[in-house]
Structure formats: C-alpha cells, structure tokens
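K.L.:
What follows is a single structure, and I will ask about it in a moment.
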Amino acid sequence: MATVSFTIFRGNSPDTGGFETYSTETDEGMVVLDAVHKIQAEQANDLSVRWNCKAGKCGSCSAEINGMPRLMCMTRLSDLPLDKPVLLQPMKAFPLIKDLVTNVSWNFDVKKKIKKFKPRPPDNADGTWRIAQEDVDRVQEFRKCIECFLCQDVCHVLREHRMHDEFIGPRFLVYAAALEMHPLDTEDRLPDLKNSEGIGLCNITKCCTGVCPEEIHITDNAIIPLKERVVDRFYDPLHWFLRLFKKS
Amino acid sequence: MNTYDTFDYDVLVIGAGGAGLRAAIEASAHGVRVGLICKSLLGKAHTVMAEGGVAAALSNVDERDNWKVHFTDTMRGGQYLNNWRMAELHAKEAPDRVRELEAWGALFDRTKDGKILQRNFGGHKYPRLAHVGDRTGLEMIRTLQDHGIHQGVSVHMEFTIISLLKSGDRVSGALGYDRERGRFNVFRAKAVVLATGGVGRAYKITSNSWEYTGDGHALAYRAGAELIDMEFLQFHPTGMVWPPSVQGILVTEGVRGEGGILLNKEGRRFMFDDIPDLYRNQTADNEEEGWRYTQGDRNARRPPELLTRDHVARCIVREIKAGRGSPHGGVFLDISWIKEKIPNAAEVIKKKLPSMYHQFKKLADIDITKEPMEVGPTTHYMMGGIRVNADTQMSTVPGLFAAGECAAGLHGANRLGGNSLSDLLVFGKRAGEHAALFAKEHGFETIDDARIKSIVDESLRPFERTGGENPFQVQYDLQDMMQDLVGIVRNEAEMQQAVTELKKLQERAQNVKVVGNREYNGGWHTALDLQNLLAVSEAIALAALQRKESRGAHFREDYPAKDDQNGKFNSVVRISADGQMEIRKDPLPEIREDLKEIIAEMK
C-alpha cells in the first residue's frame, strides 16, 4: 500500500518542542489514529497520544489535522491530501502536556460550577415521570455530545483571546442548554449564564458548529436560544420596568 | 528512592465506568470519603460505547414482564452456571436503578404514554431494554458523571493502578502512577472497589478500548483473590469486518432488535437452520413471524437472529468456514430490507440507529439504509472475573470489593445483551454501599515502604534496559496468539500450545525496553499493562483447557456437546504459595428451592 508522511509535533512545551516527520505504510480504510499508532509502535514508542474507543464515541483523540480540529479516529486518510505530509498538532486552546496530548482539566472544572440538574417532583406515586418523546428529542441533540472539546478548541474567545476565566465555551453552553431545556428541570441558570459564564462573549461565528463530530447545531439550537432567554430576562424593557417594582 | 504523595480515602474506587461511578456515588452517600481513579479522562470509560440498552423488567411495553421472567432469561442465557443469588438481586433491583437514573437527569426514549420505552434484545423474552437510540452507554455514563461530580467524590484522572497493597490478609490501599508525569502515588484506603472492566485487549479483534487490559482481574489475582469462570469470554456476533482498520468495532444487537437479518452470500437467512432445543419454543419458525415480533406483535416469537450471542456468533463462524461468507470474511447484516415492510424505512433506521448509520457512512462508505453491512464476531465481554459475595460484592480478600465486568457470577456461561448496563448499576451500588460499611468498621493500615520501593523499582526497570524488546510487538504477538489458539472455536492441542506460547511471552515481557522518559509514555504504559494481559490470558487458557465440554460462550470442537454430568462447576483460578497460577473446580451451589420452581414454571 501507499507510503504516507506525517509531520507530528513532539515535545512538552510549545517553545522547546518541534516537528518530526515520519513515513509509514498505510492500508485501505485507515484513519489518522491508525497511522499514529503504527508510528508509535514501530518508530516512536514514547509518542504521546490520548485515545480510548477508536470509534468516535468517547471523544478522547482530539487534535488538529492539517490545522483543523478533528477526531483522529474518525478522519480517514483517503479524505486528506496525501501528496504532502499530514500535519498533526495538539489542540491549541489548552495547555500542552506532550506531543499530541493537552491538559483539558479546565473543562472538568468549568462543568462542576454549572448548577446541577434539579428535577420537579415526580408525577406519579411510584417516583416516575411522564415525558413526551418530542421533549426528549429536543434535548437529546445536546446530550449526544461526546466531550471531545473540539468546539472549545476552535472557539476564538478561548483559542485566541484566552478568556478561560470569563467564558465557559460552546461545550458548556450546550451543557447548560441541555439542562435548561430538560423537560424535568426546575433550576434557573440564566443569571450565571449572563454573568460568570459569559454567554455575551459568543458572537455566533458558528466555528464550533463546524467542527462538531456529532453534528450538534451548537450555535443555532443551543447558544442562540439561551442568548434569547438571557436577553428576554435582563434586557427586555418591559421586564426591566417590572423588575423595578419587584425590588421596591 | 522515588518519593511519592499519599492520599487517604475511606473507600478507593478503581475504575470510573458505570460500575465505578455508581459505587463511588453510593459510598459517598454513606458519608465516607471517596477517591475515584480513572485510567482515562472522566466520562471516557468503556461504558460510553454501550449501545443497545439497559435491561430491567419495568414492564412498560409488555405487562407480562416481571423480575421472575428476567431472572429466568438470565439463568437460561448463562446455561445455569450463573450465581443464582446475583441473578435474583439483579432482576429485582434493576428497575429501581434505571428509574433512579431518570431522577438524576437521564432521558430515555419514551412510549406513547410517556413512560420509558423498552426494546427487544437477544434472549430476553419481552421488550426489556430501556434505551436512548443506540447510544445508551453515553447517556448512562454522562448521567452518572454529572451527578457524581456534585457528590463530593475526589476524582483522579489518567491514573493507573499497578498494585494493590495489603496488611496481613486485608487490602489496605493501592499504588499507581499518573500518566501526565509518571509520578507514583500511594492511596491508603479502608476498603477498595475494583471496577476496571474487561480483558478484550488480549485479542486481536475486539470491540474493547485500549484500557481493557484486565487490570482489575490481575490486581485481584495477585492480591490473592479468586477468579472464576474465566473460560467464558463473549464474542459478540456482529463487529465490523471491513475496512481492516475498523475490524472489531461493535455493531449493536439493536440492529437485529429493530428487524435486521443475517444473510450468507447466497442470500440465505442461515439463522433459521439451527435453533437450539432450549429456545425452540420461544423462536419463530418463519420469517413473517420474526418480523412481527420485532414490530411489537405480542403473540409472535423472536426471530432466530435474536438468539443468544454465543449461538449467533457460532452460526456466523460456521457460515464463514463453509465458504458462504461475505467478500471480506464476514456475513451480511441487513436492516435496509425493512423498506419492503414500512414506508419511511430510511428515516426509521436513522432515528433508531443513528450511531450505526454514522459509523458505517463515515468509516466504511456504506449507507445502511440502502445496503447490507458486513459483520463478524468480535471479542466483547468477559463473563468471568473476581469471585464475589452476591449480596456485598466483597471478593475472597477482606476489604476488596468488585463490581461490573471485572466481577463474575451474574452472567454464567453467557451474558444477555443489556444485562451488562444493569449489572453495573445494581452491583456498583451494592459494592459502594458495602465498601462504605466495611470502611466504617475498619481503620487505616500502615504502608510498607519497602514493598512500595520494590514495586516502583520493578515498574521502572524497562527504562534501564538497553537491549530489550519493543513492548508493542509483544502485545501484538500475544493478541495474534490468543485470537488463533484460544478464540471462538477451541481444542485441546491448540490450547496446550497457547500455554507454551504464554510462557515464552511472559519471558519476553520481562525483557521489554522503554525509550524516552516517564511523561505520557505509551510504550511504558503498554509494558506495564502487558503483565495484566498475560495474567488474564493464562487464566483464560487454563480454565478453557479444564472445561471439557461446550457450554455458552465456551465452545470446544473436541467436546462439542454440553455435559450436564461433569460440566456443572465453576472454574476457580488463584495464585499458589509459590506464585504459580493454580486451577480447580468448585461444584455449583444448590439453587434455592423457590427459584428452582420459578425456572421450572417458565421452561
């Protein structure tokens, strides 16, 4: 089969690390992660790569392939130009650990700060609820998320402006939307979204939607509806006027 | 000497899939301090890949279902080698465990009247699997993860445990390293729960992720715990076979539950050719009846595609060996044919099986709404594992508990689809609860520094070698060997050869070389995981040699029949005083009288 070259970032710091090029034999149907594994097994045993399922279900093997944030396990070599080396880099929005692996722990810390699910009391004496399939379907789009954090990586608010302290990023706006639109949930997350979670910083360039491997309509179905709710609550003149009376 | 940090937890849970998370949540609810070790990032464990659903007799779709039917189905599927008490507890408690997930935010697909919908699956008499399309595992792990992070559990991500620590007979903690920097850490604990999953990475073709290297099995074994039923390894009948790089990736049984049929290259529905006696009364004898069953006709019997996994896998192997397979060495699985039966078939398929649609489209250029898939058996699930007390999940080592795939008993000789996710919930909860109770009655033990030093030195030795072997190559050779010699169809000569080969591989594993440093070093991790893979491989081979009959997932061409005279035992593996693996047979415990009657009633 064909020999393909891969130029892979190696090192544990962006300053001291650099690129190494490896050539390897490829087989029909191979994905980028297969090639990385082959290089790791045959040429660079200490190459760092994070992966689990190799089936697009766990969201571990996120990296930048020819500059695009993608899952290595779902990117087929046949879909890439192979006349020049395939460029593999770690995600840029997170601190580097080594080679293709970054420290994504910030995401886990952010999630913990979002108010948790708070269901209404059960509908039935046996502790169960009745829910319509349509209500499940609406939220299931968001619950498909495999937490690969590619949307976080591509978002310029995090990637370029490094506003990790002020903005939770597309992944957690989807998470907040899933909770806010959950048919049983009774919690109110709008004040947090407006204030500490920085929903206003998103200027809907839809880059996140473009890289989502689960094809979630992040901007249209999650972020914009949340923005509308925040606007209705905090910026609608009538609501603002009524709030004045509530306060007094 | 390497220095190390020490963490103290009342209960240490090793493994953060469904069972580990459920155990951690439960232990924490009992007011003890809980540490949770994830080999990967939180929420990425193998549970995420479960597709079809979680089995629980909720009786939302068919009111004839109840725990007794679920219990009997589980025992029949396991060829009566199951721990009957675990099967009883599982059938009784699964409905509550599923409803509890809903209270924590899980959203299952619904019936018309708004209850949790249930689907058909192999070996289950009634529609029993609560599900979310074909990504039930993701829904489950995310629900447990998102609930668990608010329960005060301390999570250690990308940590691998390399040894359990003991004080006298009792377990007293664990030693591990973090992947990021390769630093060693000691966890002192009053009780430890193992929830490390399975062993699929011992085989070349597997649906399992890289983590599945039998860690819990090997840790427990080395700590003196007994393993049982290790000959029973489930080969899922339908894994992808083409292209080569995706070989083994799972194709959910849900495809067949929704009406998918298996065909050989002659277009024959070969599953009708061989229906086991144990299931004859429950199986359709014509295609029309089978179709009606998948569409919810309560008077129809299941199509033979929904027989148990062990049987379906063997039928597929038979077709392939007889030269009737598909071009790439599998058989055809066709769901697109349902367009002959229903008008909007393509939409129904995409709605019911979205990840399968996506997976084949992306990885194989196949549109499953238009053409058949090629599938073949793939190493999927270990029924055997750590022997536990049915009620408490404590192993034969005091203070050491186990739950989920690394524990054994519930599934006997063959697991029914859907019974794994329910197993995780029911016994994860029990393990967490009883570990917490144990921790409340016991204190911390002192850690033996000399022992830590010797384990650490041993684990760093691959860095010191200059002329050793590549650890990846040893792993590949092990996987090829197990696939060839201790696979779906087994015989005495091949397995004897496997035992010999394992000795050589063990020697080679003692001489692997690792390059680079300790930071996120895949070669080093593989070198350490190899020890666990070799231990479970040996246990599988010895147990499979000892069982001279065919039963459930264990099929021997030299003993093709079930032997009810001599086959009713559990294989027990343990470490001997001189460090060798020893094996024995334990007779099956007598089933409680009332449960016997239930089984007889439902024959």
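K.L.:
I need the calculated FRET efficiency for the pair residue B:576 and residue A:28, taking r as the beta carbon distance and R₀ as 35 Å, to the nearest 0.05.
P.N.:
Computed FRET efficiency for residue B:576 and residue A:28 comes out at 0.15.
K.L.:
Right, next: Given 4 °C and 1.567 mPa s, how large is the Stokes-Einstein diffusion coefficient of region A:3-102 in µm²/s, with Rh as the Kirkwood radius over Cα pairs?
P.N.:
97 µm²/s
K.L.:
In Å, what Rg and Dmax follow from the Cα atoms of the protein assembly as shown?
P.N.:
26.1, 89
K.L.:
Right, another one. Rounded to a whole number, what % of the accessible area of the protein assembly as shown do carbon and sulfur atoms account for, probe 1.4 Å?
P.N.:
Percent of accessible area from carbon and sulfur atoms in the protein assembly as shown: 50.
K.L.:
Follow-up question, since we're still on this one. Once the Cβ-Cβ distance between residue A:124 and residue A:245 is put in as r, and R0 is 41 Å, what FRET efficiency do you end up with, to the nearest 0.05?
P.N.:
0.55
K.L.:
Can you work out the accessible area per residue across the protein assembly as shown, with the rest of the protein chains kept in place, probe 1.4 Å, in square angstrom?
P.N.:
Using a 1.4 Å probe on heavy atoms only, each residue of the protein assembly as shown averages 35 Å².
K.L.:
Of all DSSP beta bridges located in the protein assembly as shown, what percent are antiparallel, nearest 5?
P.N.:
Bridges in the protein assembly as shown are about 70 percent antiparallel.
K.L.:
Average partner chain C-beta neighbours within 10 Å, per residue of A:54-64?
P.N.:
Mean partner shielding for this stretch: 6.
K.L.:
Take every DSSP beta bridge whose two residues both sit in chain B, then give the antiparallel share in percent to the nearest 5.
P.N.:
Roughly 65 percent of the beta bridges in chain B run antiparallel, per DSSP.
K.L.:
While we're on this one: Give me the accessible area of residue B:9, 1.4 Å probe, in Å² rounded to the nearest 10.
P.N.:
Around 0 Å² of this residue is reachable by solvent.
K.L.:
Less than 28 Å apart at the alpha-carbon level, and either on another chain or at least 8 residues along: which lysines does that give for residue A:194?
P.N.:
Cα-Cα hits under 28 Å: A:92, A:111, A:112, A:113, A:115, A:116, A:118, A:144, A:206, A:227, A:246, A:247.
K.L.:
Residue by residue through A:35-45, how many Cβ atoms from other chains fall within 10 Å of the Cβ on average?
P.N.:
Neighbouring Cβ atoms belonging to other protein chains average 4 per residue here.
K.L.:
Something else about it: Might you work out the accessible area of residue A:9 for me, using a 1.4 Å probe with all protein chains in place, and round it to the nearest 10 Å²?
P.N.:
Taking all protein chains as shown, residue A:9 has close to 20 Å².
K.L.:
Over region B:455-569, how many pairs of lysines fall under 22 Å by alpha carbon, counting only those 8 or more apart in sequence or from different chains?
P.N.:
Step by step, the pairs that qualify in region B:455-569 add up to 4.
K.L.:
Please report how far the C-alpha centroid of region A:3-41 lies from that of region A:162-193, rounded to the nearest whole angstrom.
P.N.:
Their Cα centres are 37 Å away from one another.
K.L.:
Amide H neighbours of residue B:133 under 5 Å, counting only residues 5+ apart in sequence or on other chains, H built in-plane at 1.01 Å?
P.N.:
B:109
K.L.:
A further question on this structure: To the nearest 10 square angstrom, how much accessible area does residue B:190 have with a 1.4 angstrom probe?
P.N.:
The accessible area comes out at roughly 40 Å².
K.L.:
Answer rounded, prolate or oblate for region B:239-378, using the Cα gyration tensor with square roots of eigenvalues a ≥ b ≥ c: rounded when a/c is under 1.5, else prolate when a/b is larger than b/c, else oblate.
P.N.:
oblate
K.L.:
Per q in 0.20, 0.27, 0.31 1/Å, what log10 I(q)/I(0) does a Debye calculation on the alpha-carbon atoms of region B:445-493 return?
P.N.:
Taking Cα atoms of region B:445-493 as identical point scatterers yields -0.78, -0.99, -1.09.
K.L.:
Order the following by accessible area, largest value first: B:277, A:236, A:153. Probe radius 1.4 Å; ligands, DNA and RNA are ignored.
P.N.:
B:277, A:236, A:153
K.L.:
Related question: Please work through chain A and write down the cysteines that have no neighbouring cysteine Cβ at a distance under 4.7 Å.
P.N.:
A:61, A:73, A:145, A:148, A:155, A:202, A:207, A:212
K.L.:
From the Cα gyration tensor of region B:455-569, with a ≥ b ≥ c the square roots of its eigenvalues, which class applies: rounded if a/c is under 1.5, or else prolate if a/b is larger than b/c, or else oblate?
P.N.:
Note, shape of region B:455-569 comes out prolate.
K.L.:
Follow-up question, since we're still on this one. Between A and B, buried accessible area summed over both sides at probe 1.4 Å, in Å² to the nearest 100?
P.N.:
Counting protein atoms only, the buried area is about 5300 Å².
K.L.:
Same structure, new question: Among B:210, B:390, B:230, whose Cα lies farthest out toward the positive end of the dipole of chain B, if unit charges sit on the beta carbon of Lys, Arg (+1) and Asp, Glu (-1)?
P.N.:
B:210
K.L.:
Using a 1.4 Å probe and counting only protein heavy atoms, arrange B:339, B:115, A:98, B:548 so the residue with the most accessible area comes first.
P.N.:
Per-residue accessible area, sorted high to low, gives B:339, B:548, B:115, A:98.
K.L.:
Ranked highest first by the average count of other Cβ atoms within 10 Å around their residues, in what order do B:126-136, B:167-177, B:500-510 fall?
P.N.:
B:126-136, B:167-177, B:500-510
K.L.:
Long-range amide H contacts for residue B:121: which residues qualify at under 5 Å (H placed 1.01 Å from N, peptide plane, sequence gap of 5 or more or a different chain)?
P.N.:
So residue B:121 has HN proximity to B:128.
K.L.:
What residues have an amide H closer than 5 Å to that of residue B:234, excluding those fewer than 5 places away on the same chain, when H is modeled at 1.01 Å from N in the peptide plane?
P.N.:
It is B:380, B:381, B:382, B:383, by chain and number.
K.L.:
Work out how much length residue B:342 to residue B:593 would gain on full extension: take 0.36 nm times their residue separation and subtract the Cα-Cα distance, in nm to one decimal.
P.N.:
Length gained, residue B:342 through residue B:593: 85.6 nm.
K.L.:
What are the ³J(HN,Hα) couplings of region B:49-66, residue after residue, when phi is run through the Karplus curve with 6.51, -1.76, 1.60 and θ = phi - 60°? Round to Hz, x for glycine and proline.
P.N.:
8, 5, 10, x, x, 10, 7, 7, 6, 6, 6, 7, 9, 9, 6, 6, 7, 6
K.L.:
Using each residue's phi in region A:150-167, evaluate 6.51 cos²θ - 1.76 cosθ + 1.60 at θ = phi - 60° and report the 3J(HN,Hα) Karplus result to the nearest Hz, with x for Gly and Pro.
P.N.:
5, 5, 5, 5, 7, 5, 5, 4, 8, 5, 8, 8, 6, 8, 4, 7, 10, 9
K.L.:
Assuming a strict under-28 Å limit between Cα atoms, what lysine pair count do you get for region B:335-453 once near-sequence pairs (fewer than 8 apart, same chain) are dropped?
P.N.:
Lysine pair count for region B:335-453: 24.
K.L.:
What is the average number of partner chain Cβ atoms found within 10 Å of a Cβ in B:134-145?
P.N.:
Taking all residues of B:134-145 together, the mean is 3.
K.L.:
What list of ³J(HN,Hα) couplings, whole Hz, do you get for region A:18-26 from phi and the Karplus terms 6.51, -1.76, 1.60, once you set θ to phi - 60° and write x for glycine and proline?
P.N.:
Working through the residues one at a time gives x, 9, 10, 10, 10, 10, 8, 6, 10 Hz.
The values are calculated or read from the model by the stated rules, or taken from the named source; none is laboratory data. The structure displayed is predicted, hence computed values, not measured ones. As a convention, Cβ positions derive from the backbone with ideal geometry for all residues, glycine included, and neighbour counts pool all protein chains shown. Keep in mind that these areas ignore ligands, DNA and RNA; they rest on the heavy atoms of the full protein, side chains included. Shrake-Rupley method; radii C 1.70, N 1.55, O 1.52, S 1.80 Å.
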